[in-house]
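Trainee: Input: one structure, supplied below.
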Amino acid sequence: MHGATASTVLPCAKLVPMSERLVVDEPVRLLEFLRRSLPGWKRSTLEQRIRGGCVRVNGATLRRNDVLAQGDEVQVGDRDDAEVETSAPAGIAILHVDDDLVAIDKPAGLLSVSTDRQNERTALALLRDHLSRPGRPARLWPVHRIDRETSGVLLFARSSEARDSVQAAWDEATKTYLALVDGRPRPPDGVIDQPLWEDRGLFVRVGHHPDAKEARTRYTTLEFRGERALLEVELETGRRHQIRAHLASLGHPIVGDPRYGKAGGRMELHALRLVVPHPADGRELILEAPAPKSLRAR
């Protein structure tokens, strides 16, 4: 199911096939007609459908709870039948939104969620403010996190149940990144299968230790750029700083990584793609954030 807010026009999920028309048999307001015709759907969901531009009456989009006339034909469209506004504050782009999930393209330099030191200017806070309406603040739950220095796909849930569902299937998720590294990895493609652990300074170390956890990172070289290489990286586990620590352990730290490599400019790591089972029906949901110019293959 998909929803809408006052400030953002959201895509609609298929509720009634576009080929199926609901015909009004007597004058009635739109919302009441939909509630009669579509039993089992929540009133709030139908209200969101109307505001989101998902409902057409006699071929025209109707966003208000107007009175319908006898003989009017009502259609509830799918996601292609409503405009999608993808702008949001602070350069954030909304990649996907429905009644269960919201995904954004987080810019580099922005925290995912609050910390002890910063609890206001975060992706979570900015997105929550953007989706809120007067008297109805939006509620969001982080599904996962990406580092402040990393850009790309970041997923939030609109209920704790949706969050729990996605996290329970996190082992099924596909997490793909782009990384520009110093040096030319040999071999150019491979799997880093080394455990990770954190020292007292929260620096992630590679190797065996009583506190170490299994970690696997798969990488493929897309192209060489002089003495640097552009890699596509897939996480088979999801440890903190996994890509950064694993690549640095090979002698190929990510360009601009201030912690495991050499600071300077933006850190060239981007969460390109996230594929998860949707909590509503288990369908494959593919989320992709366009690569920044510095990480596009030439």
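Each reported figure results from applying straightforward, stated rules to the coordinates on display, with no laboratory input. Please read these numbers as outputs of a predicted model, since none were measured by experiment. In this analysis, Cβ positions are derived from the backbone assuming ideal geometry, glycine residues included, and neighbour counts consider all displayed protein chains.
Trainee: Based on DSSP H runs of at least 4 residues, each adding -39500 (n - 2.57), what is the mean residue ellipticity at 222 nm of the chain after dividing by all its residues, to the nearest 500 deg cm²/dmol?
Mentor: Values: 5 runs with 43 residues, N = 298.
Roughly -4000 deg cm²/dmol at 222 nm, from the helical runs in the chain.
Trainee: Just grab the label-to-label distance for Ala69 and Ser44, each label 7 Å out from Cα along the Cβ direction, in nm (one decimal).
Mentor: 3.6
Trainee: Moving to a separate point now. Using DSSP to call loops (not H, G, I, E or B), can you name the trypsin sites (Lys or Arg not before Pro) in the stretch 204-262 whose Cβ has at most 14 other Cβ atoms within 10 angstrom?
Mentor: Arg240, Lys262
Trainee: Can you tell me the length gained on complete extension of the stretch Leu202 to Ala60, counting 0.36 nm per residue apart and subtracting the Cα distance? Intermediate values should be presented prior to the final figure.
Mentor: Numbers: separation 142, 0.36 × 142 = 51.12 nm, distance 5.71 nm.
Going from the current span to full extension adds 45.4 nm.
Trainee: How much of the DSSP bridge set in the chain is antiparallel, in percent, rounded to the nearest 5? Spell out each step's value before the answer.
Mentor: Details: 60 of 63 bridges.
Percent antiparallel among DSSP bridges in the chain is about 95.
Trainee: Under 22 Å between alpha carbons, and skipping anything fewer than 8 positions from Lys262 in its own chain: which lysines qualify?
Mentor: Output for Lys262: Lys293.
Trainee: Same structure again: If each of Ser159 and Arg228 carries a label point 7 Å out from its Cα toward its Cβ, how far apart are those two points in nm?
Mentor: Result for the modelled spin labels: 4.5 nm.
Trainee: Rg and Dmax of the stretch 89-295 over Cα atoms: what are they, in angstrom?
Mentor: Cα-based Rg and Dmax for the stretch 89-295 come out at 17.3, 57 Å.
Trainee: Compute the relative contact order of the stretch 89-295 as a whole-number percentage, counting only Cα pairs closer than 8 Å that sit 6 or more residues apart in sequence.
Mentor: The normalised contact order for the stretch 89-295 reaches 21 percent.
Trainee: Amide H to amide H, which residues 5 or more places from Leu101 or on other chains are under 5 Å from it, using H placed in the peptide plane?
Mentor: Here Arg158 satisfy the definition.
Trainee: On to the next question. Given points 7 Å out from each Cα along the Cα-Cβ axis, report the Asp281 to Arg218 separation in nanometres with one decimal.
Mentor: 2.8
Trainee: Classify the stretch 189-298 as rounded, prolate or oblate, taking a ≥ b ≥ c as the square roots of the eigenvalues of its Cα gyration tensor: rounded when a/c is under 1.5, otherwise prolate if a/b is larger than b/c and oblate if not.
Mentor: Working: a/c = 1.81, a/b = 1.08, b/c = 1.67.
Oblate is the answer for the stretch 189-298, as a/c is 1.5 or above yet b/c matches or exceeds a/b.
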